[in-house]
Structure formats: structure tokens, C-alpha cells
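Asker: The structure's right below; bear with me while I get my questions together.
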Amino acid sequence: MGFITNPIYVLSVLCFMVILSVYAGKTKIGKQLGGAALLVILLTAVVANFKFIPSASNSIELYDIIFKYIAPISIFYLLLNVNITSIKKAGLPMVGLFVLGSIATTIGILISWFLLSPQEILGDDGKIIAGMLTGTYTGGSVNFNAIALEYGFQKKGFLYAGTIAVDNVVTAIWIMVTLAIPMFLNKIWNSNVKLNTKVNLNTEKVDNDKIDSKSLAWLIFLGIGVYYISDIISENFIKVPSILILTTIGILLAQTKFISKMKGSQTLGLYLVYLFLAVIGAYCELSAVSQLQEVGATLLIFTSLAVLIHGLVFIFIGGLFYRDWEMISIASQANIGGGASAIALAESFDRKELILPAILVGSLGNALGTYLGFLVVYIL
């Protein structure tokens, strides 16, 4: 069945999964399950595991394109709705929580290493995997691959594919957990104090976001053009992640009258986020983990324990200082899942004022993740 790897066929399936998730997410059960953000991951994971579309072990170029291009551009579009006159109020607490989450991730990896001794099964590859997981659970796949490339780990075949699969399975589970955290903890550790985290959105624009052909033409041009300019600047002038440059340009453009009158950026950006999450679901390949047998089980247990420790440390210390469980969940998701999934969580919680802080800390994670990953490899 060669059509299964046909990019047009796969893209049509991903788009259909988004449609199903959006409709299902508006039902009573769908809302209880976390809305479209979680449903698109779950539905696509089912389709991929039944081999109707490629998964982690037989990934296609389309998935790489969505990771590399669509996810950053979706962030850019969502930024065009933000007015940053009061960004400091939401930004500083989120940055503080994100730094705490990064430390919690590193602690989780190190404690899991010494409790489980995965090197007995994984050998010398164990510490490289620990560094890759530290990188990705601080920033994202950019950091994961940066560490993998440094040690030539991408040549490990099934072990590399299995590590990716475990990463995505745990990430998908953590999205479910972070969606449930506010509902659960507000019942047992509630606070009457919620941080004043108002970032002014262009509410008139968000409420009336019906896209027109002129706005669509401009949005497509700006998304592609700004991505390209950010890439050029990152490679040739300022040695920082291109997502930081893309974010900065998006924030600046959002303050102009021309952009503030443009319709559809919220709708288009959110749709592309769902498309990115669909690929996350496709990468949740259970067979890739099972084929590795004892190694796969070790990877899954090690990674799950590390993320669980991250969550426990984060919830306890973060709860002592902030007790805004939705913000804590979004900050944790920015660590474990990256900026795009953190945005989806902010949308699910209807906390639009936290979209920009989620993007900013996600970008910060891209800057920090590789350093922390290499630090863990060095320590181990």
C-alpha cells in the first residue's frame, strides 16, 4: 500500500483528523477530554498505530516540514493578536515558572538515572538519551536533535526511532495530565488568589476573526516571508534560535494598525497548531517501543519517571508561590511539549492572555535546552 506514504494522502488524513477533533471538542464529552487539542493527538495516534498513515519508525518528509515550518509559522500568526502593553505582568511569573520547570526536568532526569540505572540496559547510549530527553523537555525537538547530531545518535536506527516514539508517547500523556491538573488541584489545594495576568489582546479582532481573501493573502505572505527573514538573520547575523527572531518580529508587527485590522490570524494560527499536534499523535508509535523489547521498556519507564518527577517538583514548589494551576500547567507544557502545545493548552483553558508568555518561554526553552542537555551528558 504505497499510497500510505503519499504526502498528499497523509496531509488529507491529518486535516480530516483536525476537522473531527474540532467538532468532537465542542461536545460535552469532548470538552471533558480537553477539547480539540488533546483529541487531535489521540485520534491521529489511533490512525497511525493502525498503519493508515506513517508513524515514527517510517516517518516521511511531510512530518519534518510541519515540525520545521508549520509549527513556527503558527506561533507567528497567533502573536499577531497580542498587544504587549502589560506583558510584564504575565511574562515574569511565567518565566519564573518555566525556569523552575527546566530545573525540575534536569532533577527528574538525574534522579531517574540513579534510581533505575538505565545504563545497564542502554549502555553508553544511555547518557546520550538522557541528554536528549533533558534538551527536549526543556525546549523541544530542536534541542533533542542538536544533541543527537553531536553524538551521531540519529544513525542508531530503531533505537533512535524508539526514543522518538517514547518521547512523543510521554508528551501526549503529559498533555492529558496538564489538562487535568487545574480541575483536580483546584478541588484539593485551591486558592482565592489568581495572578493578575492580563495581557491586552485585540479582543474585537479575536471575536470577529472571519478571514477574508485580502487578509489571507497577506497572512500567507507574512508567515512565509518572516520565517525566511528570521532564518537568514539567525544563520548569518545574530546567532540565536530563529524562533526568537520570528517571535520578536511578530510582536512588533502586532502593534501596527495595519496588522491589527487584519482578520483571520487567530483562526489560521490555531488551525496550524492543531496540524502540528496531529503529527505529535502520529509519532506516538507503540510498536516502535515494543520492538525494542527490554530496551523499549527501559526507555519508557525512565522517561515516564523523569517527567513524573518534573511534575511533582513543579506542582509542589510552583503551588507554594503561585497557585494558579492553569498557568502552572501551561508553563509545564511549555517545558515538556514546547511552545505550540503550550499555546493549545492556553486556548483550551480560555487563557488567551497567556498565549504570548507561553510562546516566549517556549522560545527560551529552545535557547536553554541544548545547554542543559549537554550538561546532563557531562554529569553522567
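Asker: Rank-order 268-280, 169-181 by packing density, defined as the average count of other C-beta atoms within 10 Å over each peptide's residues, highest first.
Answerer: Top to bottom by mean Cβ count within 10 Å: 268-280, 169-181.
Asker: For the chain, state the semi-axes of the equivalent ellipsoid (square roots of 5 times the eigenvalues of the alpha-carbon gyration tensor), sorted largest first and rounded to whole angstrom.
Answerer: Equivalent ellipsoid semi-axes, largest first: 30, 25, 21 Å.
Asker: Between S265, A282, H310, whose Cα lies farthest towards the positive end of the dipole of region 235-380 when Lys and Arg beta carbons carry +1 and Asp and Glu beta carbons carry -1, centred on the Cα centre?
Answerer: The listed residue farthest towards the positive side: S265.
Asker: List the relative contact order of region 1-76 as a percent without decimals, with contacts defined as Cα pairs under 8 Å and 6+ residues apart.
Answerer: Working: 51 pairs, mean separation 22.2, N = 76.
Value for region 1-76: 29 percent.
Asker: Any idea what the dipole of the chain comes to, in debye rounded to 20, about its Cα centre with Lys/Arg Cβ at +1 and Asp/Glu Cβ at -1?
Answerer: 1100 debye
Asker: Could I ask something else about it? Where in the chain are the DSSP H helices whose alpha-carbon span along the long axis reaches 24 Å or more and whose Kyte-Doolittle mean is at least -0.5?
Answerer: Passing helices, by number: 7-25, 87-116, 158-188, 213-236, 265-282, 294-321, 355-379.
Asker: Let me ask another. Can you tell me, using C-alpha contacts under 8 Å and at least 6 residues apart, the relative contact order of the chain as a whole percent?
Answerer: That works out to 36 percent.
Asker: Now for a different question. So for the chain, taking the charge dipole from beta-carbon charges (+1 Lys/Arg, -1 Asp/Glu), which of G337, G30, V376 sits furthest toward the positive end?
Answerer: It is G30, whose Cα lies furthest towards the positive end.
Asker: Moving on. How do the peptides 60-71, 343-354, 224-235 rank, highest first, by the average count of neighbouring beta carbon atoms within 10 Å per residue? Show your work: numbers first, answer last.
Answerer: Working: 60-71: 17.3, 343-354: 23.1, 224-235: 15.6.
Order by mean packing, descending: 343-354, 60-71, 224-235.
Asker: Helix-only estimate, please: 222 nm mean residue ellipticity of the chain, summing -39500 (n - 2.57) across DSSP H runs of length 4 or more and dividing by its residues, to the nearest 500.
Answerer: -24000 deg cm²/dmol
Just so you know, all these numbers are worked out from the coordinates, no wet-lab data involved. All values reported here derive from a predicted model rather than from experimental measurement. Counting neighbours? That spans all protein chains shown, and the Cβs are built from the backbone with ideal geometry, glycine included.
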